[in-house]
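Inspection log for the structure reproduced underneath, given as structure tokens.
The values are calculated or read from the model by the stated rules, or taken from the named source; none is laboratory data. The model shown is predicted, which means the values in this text are computed figures rather than measured ones. Quick reminder, even Gly has a Cβ in these numbers, built from the backbone with ideal geometry, and neighbours come from all protein chains shown. Areas reflect the complete protein model, heavy atoms only, side chains present, ligands, DNA and RNA absent. Shrake-Rupley method; radii C 1.70, N 1.55, O 1.52, S 1.80 Å.
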Amino acid sequence: MSCALTGGRAKPCKDAVGGIKKIHFVDFGNLGDVTLVDDEVTDMGGTFTYYTYDVKGNSSLETNITTSLENGTTFFEQVVNLTLHKLTKEDNKELKLMAFGRPHVFVETFDGSVILVGREHGAEVTGGTMVTGTAMGDLQGYTLTLTANEVTMPNFVNGATAANPFEGMASATETPGTQRTP
């Protein structure tokens, strides 16, 4: 692996927007062989069901770069913070299963990008709450933190569309799971 830089970066236009629109979860290990070209996912060979959660507001994706000068190591801590409105017994069950597993997480941003978190090792639920606030305007719902430690930044997914986040994956056989309305 070469450590030499390969390019610079000009100041971009101010046309970017932040925020997460949807999160798609796939059980760990079901993506099959993942093909990367220039750190972008261009194909997957698995057969899987994906489960979509609509989110808005306080949800975010953040990647922390962690380097140890003493050990000569670098890894990327990928952190997804979710806020899910409204408490339900069905969500209690699903979120418990999510906490027991380590799903792959596909983050769909407001600019239409889809980013894969936990490609190699999955994402662990490392914290969260089931909360109903003290005032009528406070959150009644869930907060979740999912953390993945990987050797790369989260990967963009090629060919994703709003209708199908796996549209560009020619070899994948994906099925959307049931999406409940709380």
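Worth a mention:
- Each Lys and Arg Cβ is given +1 and each Asp and Glu Cβ -1; about its Cα centre, region 99-182 then shows a dipole of about 180 debye.
- Taking all protein chains as they are arranged and a probe of 1.4 Å, the heavy atoms of His121 leave approximately 100 Å² accessible to solvent.
- Accessible area per residue (1.4 Å probe, heavy atoms of protein chains only) ranks Leu87, Leu116 as Leu87, Leu116, with the largest value leading.
- Sequentially through region 5-11, phi angles give Karplus couplings (6.51, -1.76, 1.60; θ = phi - 60°) of 5, 10, x, x, 8, 7, 5 Hz, Gly and Pro residues having no value and appearing as x.
- Count Lys and Arg as plus one, Asp and Glu as minus one, and take only other residues whose Cβ is under 14 Å from that of Phe76; the net charge is then -4.
- As a length-normalised measure over Cα pairs under 8 Å and 6 or more apart, the relative contact order of the chain settles at 27 percent.
- For region 1-37 and region 135-157, distance of Cα centres in Å: 16 Å
- Three-way shape call for the chain based on the alpha-carbon gyration tensor, with the a/c threshold at 1.5: prolate
- Taking all protein chains together, Phe28, Phe48 sort by accessible area into Phe28, Phe48, largest first [probe 1.4 Å].
- Restriction of the GluC sites (Glu not before Pro) in region 98-144 to DSSP coil positions whose beta-carbon has at most 15 other beta-carbons within 10 angstrom yields Glu120.
- Loop-located chymotrypsin sites (Phe, Trp or Tyr not before Pro) in region 98-182, at most 14 other Cβ atoms within 10 Å (DSSP): Phe110
- 5 angstrom amide H check on Gly128, placed H, neighbours 5+ away: Thr145
- Global form of region 22-65, assessed from the alpha-carbon gyration tensor, a/c cut-off 1.5: oblate
- The trypsin sites (Lys or Arg not before Pro) of region 6-38 meeting both criteria, a DSSP state outside H, G, I, E and B (loop) and at most 15 other C-beta atoms within 10 angstrom of the site's C-beta, are Arg9, Lys14.
- The number of Lys pairs in the chain with C-alpha atoms less than 18 Å apart, excluding pairs fewer than 8 positions apart on the same chain, is 6.
- Net charge dipole size for region 1-122 [Lys, Arg +1 and Asp, Glu -1 on Cβ; Debye, nearest 20]: 500 debye
- Per residue, region 9-68 exposes 64 Å² of accessible surface when a 1.4 Å probe is rolled over the protein heavy atoms with every protein chain present.
- Accessible surface, 1.4 Å probe, highest first, among residues Leu36, Leu84: Leu36, Leu84
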